[in-house]
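K.L.:
Before I ask anything, here is the structure I am working with.
The values are calculated or read from the model by the stated rules, or taken from the named source; none is laboratory data. None of the values given here were measured: they were computed from a predicted structure. As a convention, Cβ positions derive from the backbone with ideal geometry for all residues, glycine included, and neighbour counts pool all protein chains shown. Heads up: the accessible areas ignore ligands, DNA and RNA and are worked out on the full protein's heavy atoms, side chains in. Shrake-Rupley method; radii C 1.70, N 1.55, O 1.52, S 1.80 Å.
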Amino acid sequence: MENKYLNILSFCFSNTICGLLIVSWLARNIIHTNGLTTTLAWRRKTRKKKNQDDENKMSLLDLPDLTLDCILEKLSPSELCAMTFVCSELRDKCVSDHLWKKHMENKWGRLMGDAAIKEWKTHVATLMACLKNSNPSSYRSNTQQWRSRLAANLKPFSWLKTNHGCHNRGSSSSSPIDSVMYWYSNLESGKFWFPAQVYNRENGHVGFMMSCYDAKVRYDNKTNTFQARYSAHGRRAAEENVTWQRLRPALVETESRDLHVSDCLQGLRPGDHFEIQWRRTKEFPYGWWFGVVGHLHNCVGEENCRCVSDENVVMEFRQFRPESPWKTTVLNRKDHRETGNEVSGFYGGVKKLGTEEEVSTWKRLWPSQVLD
């Protein structure tokens, strides 16, 4: 019998096309639209009523754990969710974190920075605390049971209704609220607003070109874009249809109203790319602005450049015209704090860009014409 299972596994995965066809068939046919009954042999109590021939038939659940895990790992998120409706045994397997971590990393890993992860853990802890306070005895006696009951009341993911027919029939997959599947579903359905930073905020408003601002964002699966909410003095701005390319993880070590500690000023030299905090007035939060280190006014040229040894460093913003008050600013390498005025704004902390990917991202956002 063991050889039989090994032959099945070898056949399925030695032939890529065949393997994918089998996995696809399992995912699409595991649920009927009228009754949610399995197309495979049903549970042990059902088998008792079958004749000897039926008992010899192999069920999906008869497969060794390793074989079944290999099949489940090939399924998409929506297909995994569909499998949770079949029976409790498959549900317990399909909500496992090890199956969902890959999907989380592939789609959401780039945006789940420290700030977003911290926000999610706080959200989960709050939910758990609320349930514990409302029913402490149940919490102490069976933690897994109350988590499953809570998640069972969740509506199915909206993105599954169009993909694989997981319609609401009174219950949903019982993924625990501290599971990766539950996290993924909250991101995918747009229920979870998480911190991120948005390039060129408010649809490329000219006043924010070549900047990146903190925001709370949530996903819109219908358009594959995001909604963003910005915090500003005196008003709260919002934006829709923010593309994936305009988002990056938020910085957890520096809040938008805090001055970033500049530890790179001593080593900056002409041609280096940087981001600097800037705000219009002291009542506003900082945004991060892209620039290039320039030469001092009295520099004699590239070959004999001594700018790196000077106590001051020129910060250029080449997206602006030469006469613009925001074209350049000069910072002191040793004693820089926030500097500026109500006319040109206030410059805060500086960080040097260390990778080509960071620089190329900014260059893709370069305006089509020079700004005033």
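K.L.:
Against the definition (in the same structural domain as residue 339 (by the TED database), within 27 Å of the chain's Cα centre (by Cα) and aromatic (Phe, Trp, Tyr)), how does residue 288 come out, yes or no?
P.N.:
On the way: in the same structural domain as residue 339 (by the TED database): yes; within 27 Å of the chain's Cα centre (by Cα): yes; aromatic (Phe, Trp, Tyr): yes.
It is true that residue 288 is in the same structural domain as residue 339 (by the TED database), within 27 Å of the chain's Cα centre (by Cα) and aromatic (Phe, Trp, Tyr).
K.L.:
Of all residues in the range 206-220, which are at pLDDT 95 or above, open to solvent by 40 Å² or more (accessible area, probe 1.4 Å) and more than 23 Å from residue 260 (Cα to Cα)?
P.N.:
218, 220
K.L.:
Can you work out which of the residues in the range 100-119 that are touching a strand residue (DSSP E or B) at 6+ places or on another chain (Cβ under 6 Å) and in a helix (DSSP H, G or I) is most open to solvent (accessible area, probe 1.4 Å)?
P.N.:
Restricting to residues being touching a strand residue (DSSP E or B) at 6+ places or on another chain (Cβ under 6 Å) and in a helix (DSSP H, G or I), the top hit is 119.
K.L.:
Here is a further query. If the requirement is being open to solvent by less than 40 Å² (accessible area, probe 1.4 Å) and either in contact with a Pro (Cβ under 7 Å, 6 or more places away or on another chain) or not assigned by the TED database to the domain that holds residue 349 (or both), which of these qualifies: 239, 255? Before the answer, list the steps.
P.N.:
On the way: 255 fails: open to solvent by less than 40 Å² (accessible area, probe 1.4 Å).
Among 239, 255, only 239 is open to solvent by less than 40 Å² (accessible area, probe 1.4 Å) and either in contact with a Pro (Cβ under 7 Å, 6 or more places away or on another chain) or not assigned by the TED database to the domain that holds residue 349 (or both).
K.L.:
Looking at 281, 328, which one is modelled with pLDDT of 90 or more and either within 27 Å of the chain's Cα centre (by Cα) or open to solvent by 50 Å² or more (accessible area, probe 1.4 Å) (or both)?
P.N.:
Details: 281 fails: either within 27 Å of the chain's Cα centre (by Cα) or open to solvent by 50 Å² or more (accessible area, probe 1.4 Å) (or both).
Residue meeting the stated conditions: 328.
K.L.:
Also: Look through 203, 224, 241 and report the one residue that is at pLDDT below 95 and either within 25 Å of residue 281 (Cα to Cα) or within 21 Å of the chain's Cα centre (by Cα) (or both). I'd like the intermediate steps shown before the answer.
P.N.:
On the way: 224 fails: at pLDDT below 95; 241 fails: at pLDDT below 95.
Only one candidate passes the filter, namely 203.
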